[in-house]
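Report on the structure given below.
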Amino acid sequence: MTIATNLGYPRIGPRRELKTALEAFWAGTESEADLRATAASLRAAARRGQQGAGIGHVPSADFAFYDHVLETAAAFGAIPEGHGWDGASVPSLATIFSMARGAPDVPAMEMTKWFDTNYHYIVPRLAAGQRFKLVWNRWAEAVAEAYAANIRTRPVLLGPVSFLLLSKTDDGSDPLALLPALLPVYAEALRGIAQAGAAWVQLDEPCLATDLSATAQAAYPVAMRALADAASGLKLLLTSYFGPMRENLELAASLPVDGFHLDLVRGAADLEPALELLPREAWLSLGLVDGRNVWRTDLRAALGTARRVAEAGFGARLMIAPSCSLLHVPHSLKGETALDPALRRRLAFAEEKLAEIAALARGLDEGEKAIAHALAESDAVIAEAAADARLHDAAVSARLTALTPAMESRTPYAERAGLQRSALNLPLLPVTTIGSFPQTAELRRMRAAHARGELSREDYEALLRGLIAQSVQWQDEAGVDVPVHGEFERNDMVKYFGEQLSGYAFTKHGWVQSYGSRCVAPPIIWGDVSRPAPMTVRWAEYAQSLTDKPMKGMLTGPVTMLQWSFPRTDIPREVICQQIALALRDEVVELEAAGIKIIQIDEPAFREGLPLRASEREDYLRWAVACFRLSAAGVRDETQIHTHMCYSEFNDIIGAIAAMDADVISIETARSDMELLHAFEVFAYPNEIGPGVWDIHSPRVPDAAEMARLLRRAAERIPVERLWLNPDCGCKTRGWQQVKPAVENLVQAARGLRAELVVPA
Ligand code: GLN
Ligand code: ZN
């Protein structure tokens, strides 16, 4: 019989209950027992819900208080010094949260994006010669917890090779060298899991969908042999996702496991070769339901694929699954009463995806008739979407057809720069900020009151104008050369624009965990994108009217708008991005017409869109760069275009970043102590750059001397006349008590440096 399975469930809760509980615990208003009770009831509800939906293999240990990679490291005793762990006992919640968020005398561990998702994991930090010890069998615990509730679950265990590939060592040595030390601990974990009563373990090895080094390839057979030896009766499901395994498929097929999961959404290309390569006695888990997007599955097509596999000789040992964990989609459509009904019919969030999985498993076993209703509904919705004229905007297609290369290019930077210099008349090392100023509790309260209809539009906007006026006056007094209006009117840098663009839809509760207690509710792009009216012009115009300095207009770029949304799948990502770029281009041109001489187009998600496979990167960079240029290049030579990115690790894509041809780019560098300088050893960035000299992620305010020290280091590599002084990122999460002194220090640092770093004539 085909088994309906799941690979992981959203852990934050349908109403972000985990977020509320975590934040209450951190604030000291709830006890550890309260937090643990909330977590246990969320797990119980998830188990019941999945079982009730007809899932046979319900996952366990997919829950984590902050992050499952962090908990895996902690369970194996890979806990760096300073987090209050005694070296032997089960790590406390205090230790886990200290690793994740830092404590007064120890910084937080590094956090980075989980593959190409917007979920962040804590990077395990391993000592050279790290010793591992199973100090917490969190998987066996999870199995036992479910068992006590009469559910036999399948625990999710991040596999040893991926675990090491995602880790960093203190001395920069290859973490895979630690495999022999790690395997006995995995073996012990598996024995405990078997004892707790599990029949299967889901062994996540998503690195199989990436380019593997020879060392990594060699590590897999060693690792899986050791695990298979330890498993004694426990069945191992080797689980890869986020793309095709491609050349790694043969390697995977040779491993001594009992089953293989295939991501047949992003990795559909694996299907035919897998049917050739995989042993017929193996179980096959078919990831037919998209775990990375919110659209309903084409059930008839998916059933066809499943049948194809059954007929190829795997019929007796099939599982139906989502392509990857459902962690990356919102919980349930139930509360989404405000969505357009036609759109709502086309969507499936985690809960609805479970029903699809169960239907497919049943259809495969009992035939189409048994799921006739579900199939008919799926067919109808697909036909309705295909015929929905609202998805297509003739004006948008006409503009796309009329695109010319000239629309993406500006006069060469060297020529523009001179014109901008005389138009803007800025000093050496101009001081600016990244855009946002503190989103205070008061401001959030007012926005919420306005949304509820308790504060009139006039009153809300008067409040915003007041905040803008105060901030502009303060920036003038402080001596900021290029002021910003402060982004007080924005709830979120993607949502604010999406709400004003056609083609976008928003959920009420469509939260997805980003890191720890932080969630995002990505908008849904369901139709052609266009801009019915100006979005930011009146705010920028108002701010400019208050000062003689050039006010910097502020927009979110096309790549970021796409990357932080759930995109439609009926047209290529590249085309969606072009549509957004054209809408933004109109806004840019209109800002210019309104007298704005400097416009920043933020692209913080530019790098995270980079495909996992090196062979696909060039194509992505080609269209991503072209879309940015399309959004920017409608302006006169005198108008200065800025962009901003929130990271410094762009050494490998610096050529593409230069090709974006922004006049000025600001980036994060303070925390990494000007790590960007490495990129400039091999690549001379041609335009202007503002390497961040104040890490806004930390409440610490650096003094002018420290900022000047960082800037001097940058000046060793970049001509000083092309340098700017700015923070690392926007100030929205900081308080004014930090922002004011920090910006004043920036100005002081600039004044000192101007006297010191004289430009050769
Ligand atoms: N302009 C935005 C801000 O200042 C940029 C935010 C970001 O890079 N994530 O908040
Ligand atoms: Zn940023």
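The values are calculated or read from the model by the stated rules, or taken from the named source; none is laboratory data. Since this is a predicted model, take the numbers as computed values, not measurements. With ideal geometry, Cβ positions are generated from the backbone for all residues, glycine too; neighbour counts draw on all protein chains shown. What goes into the accessible areas is simple: the full protein's heavy atoms, side chains included, and nothing from ligands, DNA or RNA. Shrake-Rupley method; radii C 1.70, N 1.55, O 1.52, S 1.80 Å.
On full extension of the chain, what length is gained from SER698 through ALA33, given 0.36 nm per residue of separation minus the C-alpha to C-alpha distance? Could you put the intermediate results ahead of the total?
Details: separation 665, 0.36 × 665 = 239.40 nm, distance 2.95 nm.
Taking 0.36 nm per residue and subtracting the Cα distance, the gain is 236.4 nm.
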Worksheet item: In degrees, nearest 10, range 0 to 90: what is the angle between the Cα axis of helix 736-756 and the longest Cα principal axis of the chain?
Response: 60
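Please arrange LYS597, LYS113 by accessible surface area, largest first, computed with a 1.4 Å probe and ligands excluded.
Values: LYS597 100, LYS113 55 Å².
These residues rank, largest area first, as LYS597, LYS113.
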Discussion item. Can you tell me, using C-alpha contacts under 8 Å and at least 6 residues apart, the relative contact order of the chain as a whole percent?
Written reply: 11
Worksheet entry | Exposure ranking of ASP570, ASP548, ASP728 by accessible area [1.4 Å probe, largest first] | ASP548, ASP570, ASP728
Discussion item. Suppose all protein chains stay in the model; what accessible area per residue would a 1.4 Å probe give for the chain, in Å²?
Written reply: 38
Response to the item:
Partner aspartates and glutamates whose C-alpha sits under 14 Å from that of LYS235, ignoring same-chain residues fewer than 8 away, are ASP204, ASP258, GLU281
Item to complete: With a cut-off of 14 Å, note down the residues of region 456-489 whose backbone N falls inside the zone around a label point 7 Å from the Cα of ARG538 toward its beta carbon.
Response: 457-466, 489
Worksheet entry | Cross-link partners of LYS549 among lysines (Cα-Cα below 27 Å; sequence separation of 8 or more within a chain) | LYS597, LYS732, LYS740
Practice prompt. Set the Förster radius R0 to 60 Å, insert the Cβ-Cβ distance between TYR496 and ALA148 as r into 1/(1 + (r/R0)^6), and round the FRET efficiency to 0.05.
Written response: 0.80
Worksheet item: Along the positive direction of the dipole of region 362-460 (beta-carbon charges: Lys, Arg +1; Asp, Glu -1; about the Cα centre), which of THR401, ALA423, ALA387 reaches farthest?
Response: ALA423
Worksheet item: HN-Hα J couplings of region 712-729 from phi, Karplus 6.51/-1.76/1.60, θ = phi - 60°, integer Hz, Gly and Pro as x?
Response: 4, 5, 5, 5, 5, 10, 10, x, 4, 6, 10, 9, 10, 10, 7, x, 6, 7
Discussion item. Once each part is reduced to its C-alpha centroid, what is the distance from region 14-41 to region 662-687 in angstrom?
Written reply: 41
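Taking 0.36 nm per residue of sequence separation and subtracting the Cα-Cα distance, how much length would be gained by fully extending the chain between ARG709 and ARG345, in nm to one decimal? It would help to have the intermediate numbers written out before the result.
Details: separation 364, 0.36 × 364 = 131.04 nm, distance 5.72 nm.
The span from ARG709 to ARG345 would gain 125.3 nm if fully extended.
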Worksheet, complete the sentence: In terms of the alpha carbon gyration tensor, root eigenvalues a ≥ b ≥ c, rounded if a/c is under 1.5 and otherwise prolate when a/b exceeds b/c or oblate, region 1-85 is oblate
Discussion item. Give me the one-decimal nm value for the distance between modelled label points at ALA218 and GLU574, 7 Å along each residue's Cα-to-Cβ direction.
Written reply: 3.9
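If the only charges are +1 at each Lys and Arg Cβ and -1 at each Asp and Glu Cβ, what is the size of the charge dipole of region 253-326 around the Cα centre, to the nearest 20 debye?
Numbers: 8 positive and 9 negative charges, 53 e Å.
Result for region 253-326 is approximately 260 debye, rounded to the nearest 20.
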Item to complete: Find which of ILE696, PRO567, SER60 sits farthest along the positive direction of the dipole of the chain, computed with +1 on the beta-carbon of Lys and Arg, -1 on that of Asp and Glu, about the Cα centre.
Response: SER60
Discussion item. With unit charges on the beta carbons (Lys and Arg positive, Asp and Glu negative) and the dipole taken about the Cα centre of region 119-236, which residue among LEU158, ALA194, VAL222 sits farthest to the positive side?
Written reply: ALA194
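Could you sort out which of LYS334/LYS495; LYS113/LYS552; LYS334/LYS369; LYS19/LYS353; LYS113/LYS495 sit more than 25 Å apart by Cα distance in this structure? Please list the in-between numbers first.
Details: LYS334/LYS495 21 Å; LYS113/LYS552 30 Å; LYS334/LYS369 27 Å; LYS19/LYS353 23 Å; LYS113/LYS495 21 Å.
Where the Cα-Cα span goes over 25 Å, the pairs concerned are LYS113/LYS552; LYS334/LYS369.
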Discussion item. Modelling each spin label as a point 7 Å along the Cα-to-Cβ direction, I'd like the ALA387/THR112 distance in nm, to one decimal.
Written reply: 5.0
Practice prompt. Can you figure out the FRET efficiency of SER89 with ALA338, using R₀ = 35 Å and their beta-carbon distance, to the nearest 0.05?
Written response: 0.10
Response to the item:
Using alpha-carbon positions, the gyration tensor of region 422-564 gives root eigenvalues a ≥ b ≥ c; with a/c under 1.5 called rounded, otherwise prolate if a/b exceeds b/c, else oblate, the class is prolate
Practice prompt. Only Lys, Arg, Asp and Glu count, each charged at its Cβ (+1, +1, -1, -1), so figure out the dipole size of region 443-598 about its Cα centre, rounded to 20 debye.
Written response: 560
Worksheet item: Going 7 Å from the Cα of GLU247 in the Cα-to-Cβ direction, what parts of region 608-628 have a backbone nitrogen less than 13 Å from that spot?
Response: 613-616
Worksheet item: For helix 457-478, what angle does its Cα long axis make with the longest principal axis of the chain, in degrees from 0 to 90 and rounded to 10?
Response: 60
Worksheet entry | Point-to-point label distance, GLU366-ASP476, nm (Cα→Cβ direction, 7 Å offset) | 7.4
Response to the item:
the chain: antiparallel bridges as % of DSSP beta bridges, rounded to 5, reads 15
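Grab the beta carbon distance between ALA441 and SER545, set R0 = 45 Å, and tell me the FRET efficiency rounded to 0.05.
Numbers: r = 29 Å, r/R0 = 0.64.
With R0 = 45 Å, the Cβ-Cβ based efficiency is 0.95.
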Practice prompt. Kindly list the residues of region 249-263 that lie in the label zone of ARG280, defined by a backbone N under 19 Å from the point 7 Å along the Cα-to-C-beta vector.
Written response: 253-255, 257-260
Worksheet item: Per the helix-only calculation at 222 nm, which mean residue ellipticity applies to the chain, given -39500 (n - 2.57) for every DSSP H run of n ≥ 4 and division by its residues, nearest 500 deg cm²/dmol?
Response: -12500 deg cm²/dmol
Worksheet, complete the sentence: Carbon/sulfur accessible area of the chain, % of total, 1.4 Å probe, equals 53
Practice prompt. Taking the Cα centre of the chain as origin, work out the dipole magnitude from +1 charges on Lys and Arg Cβ and -1 charges on Asp and Glu Cβ, in debye rounded to 20.
Written response: 1160
Fill in: region 357-376-region 723-757 distance, computed between alpha-carbon centres (Å)
62
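Would you calculate the volume per residue, in Å³, of the smallest convex hull containing every Cα atom of the chain? It would help to have the intermediate numbers written out before the result.
Values: hull volume 121.9 nm³, N = 761.
Value for the chain: 160 Å³ per residue.
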Practice prompt. Please list, in chain and number order, the residues 5+ apart from ALA348 or on another chain whose amide H is under 5 Å from its amide H, with Hs placed from the backbone.
Written response: TRP295, ARG296
